[in-house]
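The values are calculated or read from the model by the stated rules, or taken from the named source; none is laboratory data. The shown structure was predicted, so the numbers you read here are calculated from the model rather than taken from an experiment. Cβ coordinates were reconstructed from backbone atoms using ideal geometry, including for glycine residues, and neighbour counts include every protein chain displayed. Areas reflect the complete protein model, heavy atoms only, side chains present, ligands, DNA and RNA absent. Shrake-Rupley method; radii C 1.70, N 1.55, O 1.52, S 1.80 Å.
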Amino acid sequence: MARPKKLPKVLTPEEQRALVAQPNPRYVSGLRNRCLIRVGLEAGLRAGELVALKPEHLDMLTCRLMVREGKGAKDRVLWISDDLRDLIGRWLERRPHSSWLFPTRDGGQLETRYLRAMVKHYAIKAGISEAERVTPHVLRHTFATDLLRQTKNIRLVQKALGHSDVSTT
């Protein structure tokens, strides 16, 4: 007998605020990590898409974020808030020289393993219930759920997530 599908974990607005507040932006890595969490929550990127972002994928004037060759080698366009754009602008002034938007201290590409550990660490620190289940993919689920609640348009959510089939969404 097939198990009933379990609903994915989604963060409440309070949990989202608590998670975003954890990284200390006075430190370079804290500012980078806050940006990563915010982009995950506000654009719904997969972990691999987040670490693969390059500065040229972001248009600071229009707040447009290009996801290049996401899952299935598909490109898509997303928009970020002015507030997130300004935060990323502060990050761009301090980030190490690199071809990656969110590099390691020495300019290399972040590993998704680091991203998962970082999100979990801050979730525990924020006191989020079931913090051990909080992953970059939970940020993606949270984005999708919030977008669906705001727009009531499953096709828009499907497009934003880069899904070919609405049943995946």
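Please find, among LYS125, LYS74, LYS152, the residue that is closer than 18 Å to GLU49 by Cα and either of a type outside the set (A, V, I, L, M) or touching a Cys at 6+ places or on another chain (Cβ under 9 Å) (or both). Exactly one of LYS125, LYS74, LYS152 is closer than 18 Å to GLU49 by Cα and either of a type outside the set (A, V, I, L, M) or touching a Cys at 6+ places or on another chain (Cβ under 9 Å) (or both), namely LYS74.
ARG32 passes every criterion in (1) at positive phi; (2) touching a residue at least 60 places away in the same chain (Cβ under 8 Å) apart from (1). Scanning region 106-126 for residues that are among the β-branched types (Val, Ile, Thr) and surrounded by 15 or more Cβ atoms within 10 Å (Cβ to Cβ), we see that the one that is farthest from PRO136 (Cα to Cα) is THR112.
The C-beta contact set for region 83-96 (first residue more than 17 Å from GLY108 (Cα to Cα), second residue part of a helix (DSSP H, G or I) and modelled with pLDDT under 95, distance under 8 angstrom, 6+ apart or interchain) comprises LEU84/GLU42. Every condition in (1) basic (Lys, Arg); (2) modelled with pLDDT of 95 or more; (3) under 27 Å from LEU7 (Cβ atoms) holds for ARG76 except the one numbered (2). Per the listing LEU61, LEU78, LEU19, LEU92, the residue uniquely in contact with a strand residue (DSSP E or B) (Cβ under 7 Å, 6 or more places away or on another chain) and not charged (D, E, K, R) is LEU78. Taking residues in region 47-61 that are on the phi > 0 side of the Ramachandran plot and among the hydroxyl-bearing types (Ser, Thr, Tyr), and partners anywhere that are buried (at least 16 other Cβ atoms within 10 Å of the Cβ) and outside any loop (DSSP other than H, G, I, E, B), not one pair has Cβ atoms closer than 9 Å while being at least 6 places apart or on different chains. For region 96-105, check the following and say yes or no: at least one residue is open to solvent by 30 Å² or more (accessible area, probe 1.4 Å), β-branched (Val, Ile, Thr) and in contact with a helix residue (DSSP H, G or I) (Cβ under 9 Å, 6 or more places away or on another chain). Yes; the residues of region 96-105 include at least one that is open to solvent by 30 Å² or more (accessible area, probe 1.4 Å), β-branched (Val, Ile, Thr) and in contact with a helix residue (DSSP H, G or I) (Cβ under 9 Å, 6 or more places away or on another chain).
For every residue, the table says whether it meets (1) more than 14 Å from the chain's Cα centre (by Cα); (2) farther than 17 Å from VAL39 by Cα.
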site: ASP59; (1), (2): yes, no
site: TRP79; (1), (2): no, no
site: TRP91; (1), (2): yes, no
site: ARG105; (1), (2): yes, yes
site: GLU130; (1), (2): yes, yes
site: VAL138; (1), (2): no, no
site: THR151; (1), (2): yes, yes
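Of all the criteria given as (1) at pLDDT below 95; (2) surrounded by fewer than 16 Cβ atoms within 10 Å (Cβ to Cβ); (3) over 27 Å from GLU15 (Cα atoms), the one not satisfied by GLN150 is (3). Output the residue which, of all residues in region 42-57 that are aliphatic (A, V, I, L, M) and surrounded by 21 or more Cβ atoms within 10 Å (Cβ to Cβ), is farthest from LEU19 (Cα to Cα). The qualifying residue farthest from LEU19 (Cα to Cα) is LEU53.
Checked against (1) open to solvent by 70 Å² or more (accessible area, probe 1.4 Å); (2) touching a His at 6+ places or on another chain (Cβ under 7 Å), TYR27 passes all but a single condition, namely (2).
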